[in-house]
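**Student:** This structure is in structure tokens; I'll ask about it shortly.
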Amino acid sequence: MKLKLFYFPIIVCLILLTTTDILHAQFKVNGTVTDSKSGEPLVGVSIVVKNTTIGVTTDTKGNYDITVPGSQATLTFSYVGYISKEFQVSTQTGTLNVQLKEDVLGLQEVVVTGLATSIKRQNAANSVATVSAKELGGTTVNETIDGALYGKISGAQISANSGAPGGGFTVNLRGVTTINGASQPLYVVDGVIVDNSSNSAGLNAVTAAAAGGSSSNQDNPTNRIADLNPEDIQSIDVLKGASAAAIYGARASNGVVIIKTKRGRIGAPKISFSQSIGFNSISKRLGVRQFTLETALANYAPPPGAGATPDEIAAYQARKSFVESLYNNAEQNGFINYENEMYGQKGLLSNSGLSVSWGTAKTQFFVSGLLKNEDGIIKHTGYEKQSLRANIDHQVSKSIHLSVTSNYIHSTSDRGLTNNDNTGVTFGVSLAATPNFVDLRPNQNGIYPDHPFNTANPLQTRDLMTNQETIDRFIASGKVDINLLQTNSHIVKVIAEGGVDNYTQQNKSVFPRRLQFERISAQPGTSIFNDVTNMNTNLRGVVLHTYNPPSGQFTLVSQAGLSINNADQNTIVSVANNLIGVQTNLDQSASINTQQNRTFQNDRGIFLQEEFNVKDTYILTAGVRGDKSSRNGNVDKFYFYPKASLAVNLSNMKFWNVKDINQLKLRIAFGQSGNFANFGAKYTTLGPSNIGGNGGILIGTTRGTEGIRPEQQTEIETGFDASFFDDRATLEFTLYQKRITDMLLNRELEPSTGYQFETFNGGEMTNRGIEVGLNLNPISSANFNWVSNINFWKNTSKVNKLPVPAFRAGGFGATLAIFQIEQGQSASQIVGIDPVVQGPDTTIVTRKLGDHEPDFQMSFYNTFNIFKNWEVSFIAQWKKGGDNINLSQLLFDLNGTTGDYDDTDFNTTELRAAVAGIQPGDVNGVKRTKLLGVSAAQYVQDASYFKLREVGVYYNLPRTTLNKWFGDNVSAIRFGVSGNNLITISPYQSYDPEVSNFGTQPVAGGVEVLPYPAQRKFFFNVKIDF
Amino acid sequence: MKSRIVSDLLQQKILLSFFITLVIVGFSACDILNLKDKVDPNGPSLQALSQNATKDEIANVATGIESGVRVDINLYMVDVGMIGREVYRFLASEPRFTGDLLGKENSVLDNNTFYITRPWRARYAVVRNTNILVESAQNSTELTDNEKNGAYGFAKTIQAYQLLLNLTLTYDNGIRTDVATDNLGPFVNRQTALGNIATLLDDGYSDLNNAGGAFAFPLSDGFAGFDTPATFKTFNRAIAARVAVYDAKYQDALTILNDSFIDPAGDLNTGVYSIFSTASGDQINPIYRNPDAQSGDSWVAHPSYITDLEAGDDRINKVFQRSQTATLDGLGGDYGFYVYKTQTDPYPLIRNEELILIRAESRIQTGDLPGAVSDLNIIRNAHNLPDYSGAQTESALIDEMLKQRRYSLFGEGHRWIDMRRYNRLNQLPIDRTGDNVWQQFPIPAPENA
């Protein structure tokens, strides 16, 4: 060992010494760099002597001054958001003033590759989606980051789980990539891996949603990426599959979303203040049934059958007169549309943001704050967020650069009580049981009447219950960049990066004794307190070596390093029942139950990557990452994830002379990544089982798998990027195939082992797809500039091998349609019962009725600059195909309250109608109810949509007006109106085609059971820059 | 100048290469890439228990065994009670109770339905826990040899009892008796299974004889009077006596009974019970329901219980006259099932009354008819009935014995088993045309047998 140590530096020295550094004469060049359109000086433009590491930046006035070795050279001018330019200079040049053109189509964007490096998009071998700050928040105000991404990432299916305030989104990049594992991508914010869990609030104590056909909690939880302030984001890079994300190793199977926040600038403080005020309203109303006395009696007081006993007849008569009295009361005092009552509120939305960015050449600061207050469309629901951020960049010395980010967030969301239950208490379920002729409003003393047809009065539940989630979160990161060596050809850097993500999530849910459904319970009054504390710490060390030989033949970037991640989470949920009086404290109760659950994860990774760039023409990358984790059965084993890619810029080759094609790049990439086993899969845990006051432990249903391994994904991606017509158009085309093996599957064990299940690795699934992106700048004149971005993407999944029998995943049984994982079928297929003709017989079988995967998706993003000061932009998305399981309509039908119950336009196949006994005169509600138990096809509904996601119209006050009114104090004022989700066109028969009762549970997306309805939002926005 | 600059650079490079080396060596020396294999934070892990259990943890495993015996006994009771035409479990949301279990029309007992898979697995879960107890006692350093034997004896006795319950469900389809490791033994037929169970009980008995004066773990009040090795072993023998008569080894049964807690002069209800409570983590009696509950969710006595009851028999207290007839699916009953009168009433594992009846049965089968009559009279008199006055023949006495078993052990899961082992399933009443009386359950499908 010691001998090796001695030789190692010698070897390194020899390598370094083989470079020849020859010194020649030198000359100076100076000048100013400005924006080609506006003439404004550009601060911080990088000027580099090509093929060397000699460079300077422009100062606050846009001036630069550079000393160039030799007698002639090429200078490269580059600046973020602008197209780089090169100039030949020599001793004769003296002054060189440069105008840079804005990079409207993002041709010169830089995308992430490796853990410490980025690469110009022109040289990238992967299709990495980027979302700029302008795309993210430039059109309208968005509540959360993941909500702001829809329609902006080709290849992604981003879907809101419900319309409840505070977030809750499912992000699937390139299809379903796991069945039982974690399904959401990895989020990295400024180098820190942040937690994105969805923690349940413990509401099952009241809804008992998990007691029925599905054991999922169905609590409609939020997910934690919602906490970040979208206004803080500078850029987002999305690595969609293993070929790009391999360097993130065993966590990267579902893709990686890399978020960078804004930094300070060199110069006087730029203060930006923005205020948005708006309101939201329900996107689509379903309508309520207009009862007549006849239909009211038929539904709520059906006459007894022929053989009725006198008791039964008496009960019927009583019920009949009761319903009659309710109806007559409504005729006199007015019918009530409860959909409007519950969902008709126009919530007030307010967003105030302030950001200050300033600095010197040595230190730059960015400070921002956010105050968000948004009401929901249901009374007493809403979302409040306060966020404070400070980012500091400091050049400690010539070779040491320090970068620190810190962010504190506090948010409160009141989400109401929606989605599925088995007790009749959620808003949607109790609304479904409410006809328009009962009056459930409180009297002048604030007393609510009992619901005559249901266990809960939705107005009372809404007004008296609490379901509040409070988040306190602190995310901080620090990065130290040390230039160990900088010569003309070599740069050696050491980068140490670390961060912390610490939050407390508290869910407080109180259901007072007075509530109707609490009064009839054995233990009236429920108070649930859920406390989750989470701490993630990351540390990463990278050694980066860039080698640019003076011949300029190639560039070699090598990086190696290691990564340490720790995550700890502790969840304590207490449910107190039988509350004392109006008390809500947990100890003010007659019975209290507490559960605790702890999870932890410790990962260690090592990685190595080489990037070999031959004159921007051939770019070859190869790398490998090794990961070990406490989640694996064998914690000491390294699992390796290699990657390799090649990009060939045909347009940079000597033979290229096609005038109209400015760039043509062919690329192919390969990579592997993993997905950890779920926490606990390797443990056989005995659970408590007490008797007679003694504490006992008994085995549970799951046998731990000691040798559990991560799932493995292999992706191959190929395609081309081209830009045309003087960079006025770009085309990106990608084909990919992902193969997932060693999937985490559950296997049923022989019950005589005492266990029921164990997790094992097996099976194989593939996702194949195509992504096409077209960026155009069709019209670019002084008074009208139009930039258009069109994306098309399609993904198909298939389960190739399944070593267990086909199983159901996500849903409530074949009678109501359910997802089924089956060998040879799509991973998102929906099966259900349906009658088929087999020979002379007609039997009811279970067969495929639909698929949640869309046929394809398209997005359209258009920005117009009109008459220099007007800006109009909109984002629209078209999803074609993809089915949901709509059970909301079923629940309305079973209660007889569907809006179209009495219409006759519902059609079904002849076979189904015959088996169900549908008569010609039956109304919609009766037809659909008869089909229950005969066919599940009516619940599998086409959830295609065309949505106008965001629209914004803005006016920028012209410079002359600004100067006239404010002199030099104000540099820009912009105001305008915007809207979210203004138009949704869809054949789907419920509130919104984007919905998921089961939250982010993989495979089970698109099941709907009376969610919090989706809303459209309108904003009036003002932004002032000082 | 050139050479000075070059040597500056050389110096710089040597310095830097040392620095890099230092960094790399430093990292690897720090061992930061090493991970410790941590145990499950949320509960006791099997690994830790098997290798290094503390005395307290062993006590927890034993209590878990006692507690686990109660899991899903309501499903067991529904199974044996419905097929044995003792009780009706009316549950409107579960049509398979009055359908499959009674063989309504064309229905059969499905091998992948909860009525067999759940109670079957619940018993084997306890069996697994008993094997864990044996293994952890073996490897623990905190128990004395006597205490270890006590643990083995307890484990083997309960394991045998749990295997017996599953055998009563699958009968001639057999059970697995060797499930100690994840490498499961094969299914064995009923004869072999009974033999294995008997051997297991005998092994447990000899362990208990070397177990000293006390167990290393507490037992609940359900074991009051049976919570030391000396008293617990009488419970072991009681179960063994039941196994012996199931195996038609009547002479053996008589011998075994002598070592059990049989007491003809004592309280018929002396015995070992599963107890229940509303305390945290505990369980209430899952068979309890209000006997007058609405039809849609009720336990109802089979009408034949009342019609065949002798006048004056105080075992009429085990049923409750309902205010309204309970009806479901073409069946009906006027009397609610009332053996368990509150949600915390205990459930017997085996009682003195059964032991006396076993003795009566064994005496009949070994020719001691007068002895049998005297035992039957103990039972009859205890329930307000006069002495037996029927024929003193073997067949008449068997009829009487079976009748007394029917009423004495009503609601404890014996009727179907007794009628089956005497080949009298065809004597059980058929309530609806097309109903069947099943002989046994199929082996649960997940067993892949």
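Bear in mind these aren't lab numbers, they're just calculated from the coordinates by the rules spelled out. All values derive from a computational prediction rather than experimental measurement. Virtual Cβ from ideal backbone geometry, glycine too; neighbours counted across all protein chains shown.
**Student:** Once each part is reduced to its C-alpha centroid, what is the distance from region B:168-221 to region B:287-338 in angstrom?
**Tutor:** Their Cα centres are 36 Å away from one another.
**Student:** Which lysines, on any chain, are close to A:LYS927 with Cα under 25 Å apart, when same-chain ones fewer than 8 places away are left out?
**Tutor:** Result set, ordered by chain and number: A:LYS284, A:LYS320, A:LYS848.
**Student:** Now for a different question. Projected onto the charge dipole of region B:125-203 (+1 at Lys/Arg Cβ, -1 at Asp/Glu Cβ, origin at the Cα centre), which of B:ALA125, B:THR170, B:LEU194 gives the Cα projection farthest towards the positive end?
**Tutor:** Of the listed residues, the answer is B:THR170.
**Student:** Would you mind counting up the charge near A:GLU384? Only other residues with Cβ under 10 Å from its Cβ, with Lys and Arg at +1 and Asp and Glu at -1.
**Tutor:** Result for the neighbourhood of A:GLU384: -1.
**Student:** By how many degrees, 0 to 90 and rounded to 10, does the Cα axis of helix B:229-246 deviate from the longest principal axis of chain B?
**Tutor:** Relative to chain B, helix B:229-246 is tipped by roughly 60 degrees.
**Student:** On a C-alpha basis, how far is the centre of region A:487-556 from the centre of region B:131-162 in Å? Whole number, if you could?
**Tutor:** Taking the Cα centre of each part, region A:487-556 and region B:131-162 sit 47 Å apart.
**Student:** Right, here's the next one. Could you tell me the calculated FRET efficiency between A:SER352 and A:LEU539, based on Cβ-Cβ distance and R0 = 51 angstrom, to the nearest 0.05?
**Tutor:** Efficiency for this residue pair is about 0.90.
**Student:** How do A:THR455, B:THR98 line up, fewest other C-beta atoms within 10 Å first?
**Tutor:** Fewest to most other Cβ atoms nearby, the residues stand as A:THR455, B:THR98.
**Student:** Relative contact order for region A:242-387: what is it in percent, counting Cα pairs under 8 Å that are at least 6 residues apart?
**Tutor:** Worked out over region A:242-387, it gives 32 percent.
**Student:** Moving on to the next point. Where both partners of a DSSP beta bridge lie in chain A, what percent of those bridges are antiparallel, to the nearest 5?
**Tutor:** So the antiparallel bridges in chain A amount to around 95 percent.
**Student:** As I understand it, the dipole of region A:60-194 uses +1 on the Cβ of Lys and Arg and -1 on the Cβ of Asp and Glu, about the Cα centre. Which of A:VAL189, A:SER154, A:ASN63 lies farthest toward its positive end?
**Tutor:** Highest projection toward the positive end goes to A:SER154.
**Student:** Shifting gears a bit: What are the aspartates and glutamates whose alpha-carbon lies under 12 Å from the alpha-carbon of A:LYS262, with same-chain residues fewer than 8 places away excluded?
**Tutor:** Counting by Cα, and skipping residues close in sequence, A:LYS262 has these aspartates and glutamates nearby: A:ASP190, A:GLU231, A:ASP232, A:ASP393.
**Student:** Sorting A:GLU294, B:GLU412, A:GLU102, B:GLU353 on the 10 Å Cβ count, fewest up front, what's the list?
**Tutor:** Listing A:GLU294, B:GLU412, A:GLU102, B:GLU353 from fewest to most nearby Cβ atoms yields A:GLU294, A:GLU102, B:GLU412, B:GLU353.
**Student:** May I ask for the net charge around B:SER220, where only other residues with Cβ less than 11 Å from the Cβ of B:SER220 are counted and Lys, Arg are +1 while Asp, Glu are -1?
**Tutor:** That works out to -3.
**Student:** If you don't mind, another one. Along region A:656-662, what does the Karplus equation 6.51 cos²θ - 1.76 cosθ + 1.60 (θ = phi - 60°) give for ³J(HN,Hα), rounded to whole Hz, x for Gly and Pro?
**Tutor:** Each residue of region A:656-662 in turn: 6, 9, 7, 5, 7, 9, 6 Hz.
**Student:** Kindly identify region A:184-263 as rounded, prolate or oblate by the Cα gyration tensor criterion: order the square roots of the eigenvalues as a ≥ b ≥ c, call it rounded if a/c is under 1.5, otherwise compare a/b with b/c, prolate if a/b is larger, else oblate.
**Tutor:** Because a/c hits 1.5 or more and a/b fails to exceed b/c, region A:184-263 counts as oblate.
**Student:** Then there is this: Let me have the relative contact order for chain B, percent, based on Cα pairs under 8 Å that are six or more residues apart.
**Tutor:** Rounded, it is 19 percent for chain B.
**Student:** Roughly how many debye, to the nearest 20, is the charge dipole of region B:290-449 about its Cα centre, given +1 on each Lys and Arg Cβ, -1 on each Asp and Glu Cβ, and no other charges?
**Tutor:** Here the size comes out at about 120 debye.
**Student:** Then there's this: Hey, fewest Cβ within 10 Å first, where do A:TYR955, A:TYR861 land in order?
**Tutor:** Least crowded to most crowded, the residues run A:TYR955, A:TYR861.
**Student:** When the helix-only estimate is applied to the protein assembly as shown (DSSP H runs of n ≥ 4, each -39,500 (n - 2.57), divided by the residue count), what is the mean residue ellipticity at 222 nm, nearest 500 deg cm²/dmol?
**Tutor:** -7000 deg cm²/dmol
**Student:** Report relative contact order for chain A in percent, whole number only (criteria: Cα-Cα under 8 Å, sequence separation at least 6).
**Tutor:** Answer for chain A is 12 percent.
**Student:** Let me ask another. Taking the Cα centre of each part, how many Å lie between region B:249-270 and region B:407-449?
**Tutor:** The distance from the Cα centre of region B:249-270 to that of region B:407-449 comes to 26 Å.
**Student:** Report the net charge of residues surrounding A:ILE699, where surrounding means a beta-carbon distance below 11 angstrom and charges are Lys +1, Arg +1, Asp -1, Glu -1.
**Tutor:** That works out to +3.
**Student:** Might you report the magnitude of the Cβ-based charge dipole of chain B about its Cα centre, with Lys and Arg at +1 and Asp and Glu at -1, to the nearest 20 debye?
**Tutor:** Result for chain B is approximately 1240 debye, rounded to the nearest 20.
**Student:** Per 0.36 nm of contour for each residue apart, how much would the distance between A:ARG519 and A:ASN634 grow if the chain were fully extended, relative to their Cα-Cα spacing?
**Tutor:** 36.2 nm
**Student:** Would you mind checking A:LYS152/A:LYS362; A:LYS240/A:LYS615; A:LYS659/A:LYS879; A:LYS152/A:LYS880; A:LYS493/A:LYS665 for any pair whose Cα atoms are more than 25 angstrom apart?
**Tutor:** Table pairs above 25 Å Cα-Cα are A:LYS152/A:LYS362; A:LYS240/A:LYS615; A:LYS659/A:LYS879; A:LYS493/A:LYS665.
**Student:** May I ask you to evaluate 6.51 cos²θ - 1.76 cosθ + 1.60, the Karplus curve with θ = phi - 60°, for each residue of region A:496-511 and list the ³J(HN,Hα) values in order in whole Hz, giving x for glycine and proline?
**Tutor:** Computed from phi, the couplings for region A:496-511 are 10, 9, x, x, 9, 10, 10, 9, 10, 10, 10, 10, 10, 10, 10, 10 Hz.
**Student:** Here's another thing I want to ask about it. Explain nothing, just compute: Karplus ³J(HN,Hα) = 6.51 cos²θ - 1.76 cosθ + 1.60, θ = phi - 60°, for every residue of region A:330-336 in order, whole Hz, x for Gly and Pro.
**Tutor:** 5, 4, 6, 9, x, 7, 10
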